[in-house]
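Notes to accompany the following structure.
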Amino acid sequence: MIKGFKEFISRGNVVELAVGVIIGAAFKNIVDALVDGIINPLIAALIGKPDFSDAFILTLNGTDVKFGVLITAVINFLLMAMALYLCIIMPMNALNERMKKKNEEDEAAAAEKVSDEVKLLTEIRDALAQGSARP
C-alpha cells in the first residue's frame, strides 16, 4: 500500500498538478489586483458602481434575488480566463511553435549531413552493384 502511494505521488502528473494549483493561486492575486485596481474603477466610472452586485435586484416576497452578483462573477471569470490566455497560453504556444520549428530545422540539417562512413559505404554499395551487373 505504501509502495503504491509512493509511486502515485512520484508521478509527474501529481507534481505538475500541485505546481499548477500553486501557480494558479498566485496568479489569482494578479488578476484580483487587475480587477480591483483597474477594471472595477472603470466600471464605476461608466455606471457609478464598481461592480454589478447591487444592480439588477429583484425583490420577491421580501427576498432579494441579485442577478448582478452572477453578472459580476461571470465578468470576473471572463477577465481571469482572458488574462490566463494572454499571459500564459499565447506565450507558451508561441514558444512551443518556435521550438518545433527549431527541432524540424535541426532534423533537416542532420538528414542533409552525411558522414564520411556513410559516403564510403554508399560508394562500396554502388561499386558492388556495378560489378554484379557486368556479364
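The values are calculated or read from the model by the stated rules, or taken from the named source; none is laboratory data. What you are looking at is a predicted structure, and each value in this text was computed from that prediction instead of being measured. FYI the Cβ positions are ideal-geometry reconstructions off the backbone, even for glycines, and counts take in every protein chain you see. Just the protein is used for accessible areas: all its heavy atoms, side chains included, with ligands, DNA and RNA removed. Shrake-Rupley method; radii C 1.70, N 1.55, O 1.52, S 1.80 Å.
Scanning region 27-34 turns up no residue that is open to solvent by less than 70 Å² (accessible area, probe 1.4 Å), more than 16 Å from residue 88 (Cβ to Cβ) and of a type in the set (Val, Ile, Thr).
When every residue of region 58-68 is checked against the conditions, at least one turns out to be surrounded by 12 or more Cβ atoms within 10 Å (Cβ to Cβ) and within 25 Å of residue 84 (Cβ to Cβ).
For region 57-104, taking the residues that are β-branched (Val, Ile, Thr) and under 18 Å from the mean Cα position of the chain (by Cα), the one that is farthest from residue 29 (Cα to Cα) is identified as 89. The set of residues from region 43-74 being touching a helix residue (DSSP H, G or I) at 6+ places or on another chain (Cβ under 8 Å) and not aromatic (Phe, Trp, Tyr) comprises 49, 50, 51, 53, 54, 55, 57, 58. When each of 9, 43, 2, 38 is tested for being open to solvent by 60 Å² or more (accessible area, probe 1.4 Å), within 27 Å of residue 75 (Cα to Cα) and of a type in the set (A, V, I, L, M), the lone residue that passes is 38. Would you call residue 91 touching a helix residue (DSSP H, G or I) at 6+ places or on another chain (Cβ under 6 Å) and either modelled with pLDDT under 85 or open to solvent by less than 80 Å² (accessible area, probe 1.4 Å) (or both)? Criteria not met by residue 91.
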